[in-house]
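The values are calculated or read from the model by the stated rules, or taken from the named source; none is laboratory data. Just so you know, these numbers come straight off a predicted model, no measurement behind them. Here the Cβ is made from the backbone with ideal geometry for all residues, glycine too, and neighbour counts use every protein chain on show.
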Amino acid sequence: MALVNMKEILTRVLSFFRLVRWANLLIMVFIQFALYYVLVDRFYGMVGVTPALGYTFLSLLVVVTVLVSAAGYIINDYFDIRVDRINKPGKMVIEKHINYRAALTMAWILNAVAVVLGFYLARESGSWRLGLLFPMVIMMLWLYSINYKRTVLWGNIAVALLSAMVVLFVWLFEFFMLRQQPASFVTISAYLGVISAYFGFYALFAFFITLIREVVKDAEDIEGDKTYGVNTLAVRYGTGMSKKVAAGIAVFTVLAMVYAVWVMFKMNMVIPFIYYFVAVIIPLVYVVFRIRSAQSKADFSAISSILKLIMLAGIIGLQPIAMTLSL
């Protein structure tokens, strides 16, 4: 009996991790820590300033981000049960391993803890208004699951914006925390614009890669979406239009990245120039051609996975940039 109970508990725990997309959450954790320690810490170190957020508050920010994102994934699956029966019957967790009420309760608990921790972090950063960002994100995730994802492009844009916010939150909270240390703020002030530019670049990168991926995923899930009247771009205008939009955004992203690496080259940042050209631009060009030739659900699924790897490669590119900064 005890063995059976342990097996059941283990199954539920593993199901919970699948439900909250543990791999995606780990990528978020990696992104936020990498941005802070490879970018912020490196610039601050150049003038002998200690980052204001520090390991403790940075970890708290990461925890809040993970809790909000995990709750968002649960809510998304909760409202997509009927569609997922068609789109991904083998990957369903709610209904098969976790019942509806338990899933909804988990989401509420995760969100509640995130809001409390978020307001505490905001108070420590010197502006309680920053705490309002987390309820706003939670509300956007709920609206996305209930309504936005069933509209043409608006749901895709909402998810892409949330992806960009994962990047921007790191610098936003660091900046407000830094303002409470006037001496350090003045010392690092000459670099604030440059740091903001780097974060802006990575936020835009995250936005466009996520937007491409979301449009591609709509084409992948067209069968279930069409059956239950989910009015995505693919459902309303067909996969052909989805492919054109996704390819168009991808081409724009390629051109933007070409400009970015050209700037790097002009600044004698040779290592980042080579890295981003090989690890990001060439795979993105490949994605454009894959999108144009995609026909089956498996094709779109493969493109989605490649885009996730490109996102990860873009963040790993922080290290070559940091190496150049230290030269």
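Listed by first and then second residue, the pairs linking a residue in segment 56-78 that is within 14 Å of L121 (Cα to Cα) to a residue that is among the acidic types (D, E) and surrounded by fewer than 20 Cβ atoms within 10 Å (Cβ to Cβ), with Cβ atoms under 7 Å apart and 6 or more places separating them unless they lie on different chains, are F57/E124.
Residues in segment 271-314 that are in contact with a Phe, Trp or Tyr (Cβ under 7 Å, 6 or more places away or on another chain) and either assigned to a helix (DSSP H, G or I) or closer than 25 Å to Y198 by Cβ (or both): how many?
Of all residues in segment 271-314, those in contact with a Phe, Trp or Tyr (Cβ under 7 Å, 6 or more places away or on another chain) come to 273, 294, 314.
Then drop every residue that is not either assigned to a helix (DSSP H, G or I) or closer than 25 Å to Y198 by Cβ (or both), which leaves 273, 314.
Summing the residues that are in contact with a Phe, Trp or Tyr (Cβ under 7 Å, 6 or more places away or on another chain) and either assigned to a helix (DSSP H, G or I) or closer than 25 Å to Y198 by Cβ (or both) in segment 271-314 gives 2.
Looking only at segment 210-234, residues that are among the aromatic types (F, W, Y) and within 22 Å of the chain's Cα centre (by Cα) come to 0 in all. One residue alone among L26, L35 is of a type outside the set (V, I, T), within 22 Å of L309 (Cβ to Cβ), at pLDDT 85 or above and surrounded by 21 or more Cβ atoms within 10 Å (Cβ to Cβ), and that residue is L35.
Among the residues of segment 284-296, those that are buried (at least 16 other Cβ atoms within 10 Å of the Cβ) and under 24 Å from the mean Cα position of the chain (by Cα) comprise L284, V287, V288, R290, I291.
For segment 183-195, the set of residues classified as surrounded by 14 or more Cβ atoms within 10 Å (Cβ to Cβ) and polar (S, T, N, Q) consists of S184, T187, listed by residue number. Among residues of segment 272-295 that are more than 14 Å from G314 (Cβ to Cβ) and touching a residue at least 24 places away in the same chain (Cβ under 8 Å), those with a beta-carbon under 6 Å from a residue that is in a helix (DSSP H, G or I) and among the aromatic types (F, W, Y) at least six positions away or on a different chain give the pairs A294/F300.
Results for (1) under 15 Å from I31 (Cβ atoms); (2) surrounded by fewer than 19 Cβ atoms within 10 Å (Cβ to Cβ); (3) without any contact (Cβ under 8 Å) to a residue 12 or more places away in the chain; (4) of a type in the set (A, V, I, L, M, F, W, C), shown as yes or no for each residue.
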| position | (1), (2), (3), (4) |
| --- | --- |
| Q180 | no, yes, no, no |
| V215 | no, no, no, yes |
| A234 | no, no, no, yes |
| V251 | no, yes, no, yes |
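The C-beta contact set for segment 83-112 (first residue on the phi < 0 side of the Ramachandran plot, second residue outside any helix (DSSP H, G or I) and of a type in the set (S, T, Y), distance under 7 angstrom, 6+ apart or interchain) comprises V83/Y228. Restricted to segment 257-270, and to residues there that are crowded, with 16+ Cβ neighbours inside 10 Å and part of a helix (DSSP H, G or I), the residue that is modelled with the lowest pLDDT is M264. Only a single criterion out of (1) under 19 Å from R21 (Cβ atoms); (2) in contact with a Lys or Arg (Cβ under 7 Å, 6 or more places away or on another chain) is not satisfied by G126, namely (1). In the set (1) farther than 30 Å from S301 by Cβ; (2) surrounded by fewer than 17 Cβ atoms within 10 Å (Cβ to Cβ), the condition left unmet by K226 is number (1). Screening V49 with (1) buried (at least 18 other Cβ atoms within 10 Å of the Cβ); (2) in a helix (DSSP H, G or I); (3) not polar (S, T, N, Q) gives one miss only, at (2).
Could you tell me which residue of segment 11-26 is farthest from N111 (Cα to Cα), considering only residues that are among the basic types (K, R) and part of a helix (DSSP H, G or I)? If you could, list the steps in order and put the result at the bottom.
Step one: list which residues in segment 11-26 are among the basic types (K, R), which gives 12, 18, 21.
With part of a helix (DSSP H, G or I) added as a condition, the list becomes 12, 18.
Numbers: R12: 20, R18: 18 Å.
Of everything passing the filter in segment 11-26, R12 is farthest from N111 (Cα to Cα).
Exactly one of (1) surrounded by 14 or more Cβ atoms within 10 Å (Cβ to Cβ); (2) within 21 Å of the chain's Cα centre (by Cα) is unmet by F273. Its number? Only one criterion is unmet by F273, namely (2).
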